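S.K.: Sharing a structure, written as structure tokens. Questions coming.
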């Protein structure tokens, strides 16, 4: 069964909204640990940060998709 437009809209808003706050929390907790490496523009640090943010985003999106699919 397909999702309705309303369900898709609620899922998208929920995912993006929590993504903002998740990124905010990561910025406040994770990035201060890497201040020196960021200042030195270390490529491995850049890849690590990108990987962490991407991984968290994928997990969050997966959870929302599974949750909203159960509702429909």
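Only the coordinates and a few stated rules stand behind these numbers; no lab work does. Since the model is a prediction, treat every value here as computed from it, not as a measurement. Cβ sites come from the backbone with ideal geometry, for glycine too, and all protein chains shown count toward neighbours.
S.K.: Take residue 42 and residue 58, extend 7 Å from each Cα along the Cα→Cβ direction, and tell me the distance between the two endpoints in nm.
M.R.: Between residue 42 and residue 58, the label points sit 2.3 nm apart.
S.K.: Based on the Cα atoms of region 5-71, what semi-axes does the equivalent ellipsoid have, where each is the square root of 5 times one gyration tensor eigenvalue, given in whole Å with the largest first?
M.R.: In descending order, the three semi-axes are 31, 11, 8 Å.
S.K.: Same structure, new question: Return the distance in nm (one decimal) between the two label points of a simple spin-label model at residue 25 and residue 70, each offset 7 Å from Cα along Cα→Cβ.
M.R.: Distance between the two pseudo-spin positions: 1.9 nm.
S.K.: Expressed as an acute angle from 0 to 90° and rounded to the nearest 10, what is the orientation of the C-alpha long axis of helix 5-29 relative to the principal long axis of the chain?
M.R.: Roughly 20 degrees between the two axes.
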